[in-house]
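Down below is the structure, laid out as structure tokens.
The values are calculated or read from the model by the stated rules, or taken from the named source; none is laboratory data. Source: prediction; values computed, not measured. Glycine gets a Cβ as well: all are built from the backbone with ideal geometry, and neighbour counts include every protein chain shown.
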Ligand SMILES: [Zn+2]
């Protein structure tokens with residue numbers, strides 16, 4: 001009997017060690033330190049930029065740091081001066097998907113998996129972009145997935161099915177979103193929307209300074225944006241959206257998502273995850289510089305959940321050995337990083353719903369006057 005138990009234990013442990021491990025080379029890029037200004041506490045922000053790394057917890061950031069520049073390297077996300085931690089569970093489950101998670105930032109309430117900006121009873125919840133629209137703000141969403149994907153969609157759509165992309169696309173057209181950039185061309189009837197929206201489909205347009213009288217939808221791929229030279233990066237789309245939003249009306253809200261960090265996690269593909277992270281981190285670099293110049297913008301970075309149960313196991317010469325635990329999301333808490341006026345609010349342990357209220361607090365929402373913005 002004893003021998004049998006030892007045999008079983010050996011089988012289990014050998015199964016475990018035979019799980020897919022992979023070696024990732026330790027990088028040597030030098031840290032590029034950015035200027036980080038001192039914003040005193042209790043300053044009110046005018047503009048909000050919320051950056052989401054889908055499927056990005058501290059383990060993904062750690063592996064990216066090691067792969068890019070080694071253990072002591074400092075990424076751009078590392079240089080954000082305030083760091084906190086966010087819990088991610090959904091309304092009735094330790095597990096969350098992007099829909100339920102993004103609903104928390106958009107509305108301040110938890111909901112069920114697959115639901116977008118409705119509560120567990122399917123009652124519609126007002127999103128932050130709808131709230132800010134009544135205060136004369138403009139809003140934008142950027143994603144490297146489609147613009148109808150769960151994270152951007154939670155900021156303008158209300159549905160119990162995040163996969164009903166055509167309905168979500170239709171809701172985008174009638175929402176207050178001033179600019180939406182990403183993939184998802186196949187979900188739109190382009191001819192129908194040109195009366196209300198300027199539609200751009202080529203990344204070349206992002207390099208130009210364009211004056212548009214209509215709202216903007218940029219659709220750069222049929223569904224999620226494939227990485228290629230002809231397609232825009234998160235960084236390019238985010239900078240274009242910022243240029244468009246920055247001097248309009250009473251202020252702006254921009255959500256920009258590195259969507260495919262999550263997809264690489266589902267595929268347990270570390271090199272792809274790191275490539276996606278690079279674009280995400282360069283986006284943060286430009287946003288830190290934007291905050292330095294603009295001085296009225298609060299930058300917040302967080303994630304919806306961890307994806308893949310990524311573990312960094314040990315060092316093997318100039319490599320680290322990693323292992324994935326699952327092809328799904330996990331309940332590992334995620335980081336929250338912030339910079340700019342009001343950034344000090346984003347410290348310590350918080351729930352994902354708290355981020356919504358902290359944003360409202362940072363812009364002094366309750367004292368903003370009702371007014372509309374004529375964007376023309
Ligand atoms: Zn996912």
Condition test on residue 213, is it within 19 Å of residue 140 (Cβ to Cβ), in a loop (DSSP other than H, G, I, E, B) and out of contact with any helix residue (DSSP H, G or I) (no Cβ under 9 Å at 6 or more places or on another chain)? yes
Which ranges mark the helices (runs of 4 or more DSSP H) fully within the stretch 92-190 that have 2 or more residues being surrounded by fewer than 24 Cβ atoms within 10 Å (Cβ to Cβ)? 128-133, 165-173
Only one of these conditions is not met by residue 126: (1) touching a helix residue (DSSP H, G or I) at 6+ places or on another chain (Cβ under 7 Å); (2) without any contact (Cβ under 8 Å) to a residue 40 or more places away in the chain; (3) within 16 Å of the ligand (Cβ to nearest atom). Which number is it? (3)
If the requirement is being within 16 Å of the ligand (Cβ to nearest atom) and more than 28 Å from residue 93 (Cα to Cα), which of these qualifies: 290, 280? 280
Being more than 16 Å from the ligand (Cβ to nearest atom), modelled with pLDDT of 95 or more, surrounded by 22 or more Cβ atoms within 10 Å (Cβ to Cβ) and part of a helix (DSSP H, G or I) narrows 64, 86 down to just 64
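Quick one: in the stretch 295-316, of everything that is surrounded by fewer than 20 Cβ atoms within 10 Å (Cβ to Cβ) and over 19 Å from residue 329 (Cα atoms), which residue is nearest to the ligand (Cβ to nearest atom)?
Here is the first cut: in the stretch 295-316, the residues surrounded by fewer than 20 Cβ atoms within 10 Å (Cβ to Cβ) are 295-296, 309, 311-316.
Retained after the next criterion (residues that are over 19 Å from residue 329 (Cα atoms)): 295-296, 313-316.
On the way: 295: 35, 296: 34, 313: 23, 314: 27, 315: 29, 316: 29 Å.
By that ranking, first place goes to 313.
Can you find a residue that is farther than 24 Å from residue 177 by Cβ and within 16 Å of the ligand (Cβ to nearest atom) anywhere in the stretch 245-263?
The answer is no; no qualifying residue exists.
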Just checking, does the stretch 32-54 include any residue being within 21 Å of residue 255 (Cβ to Cβ) and part of a helix (DSSP H, G or I)? no
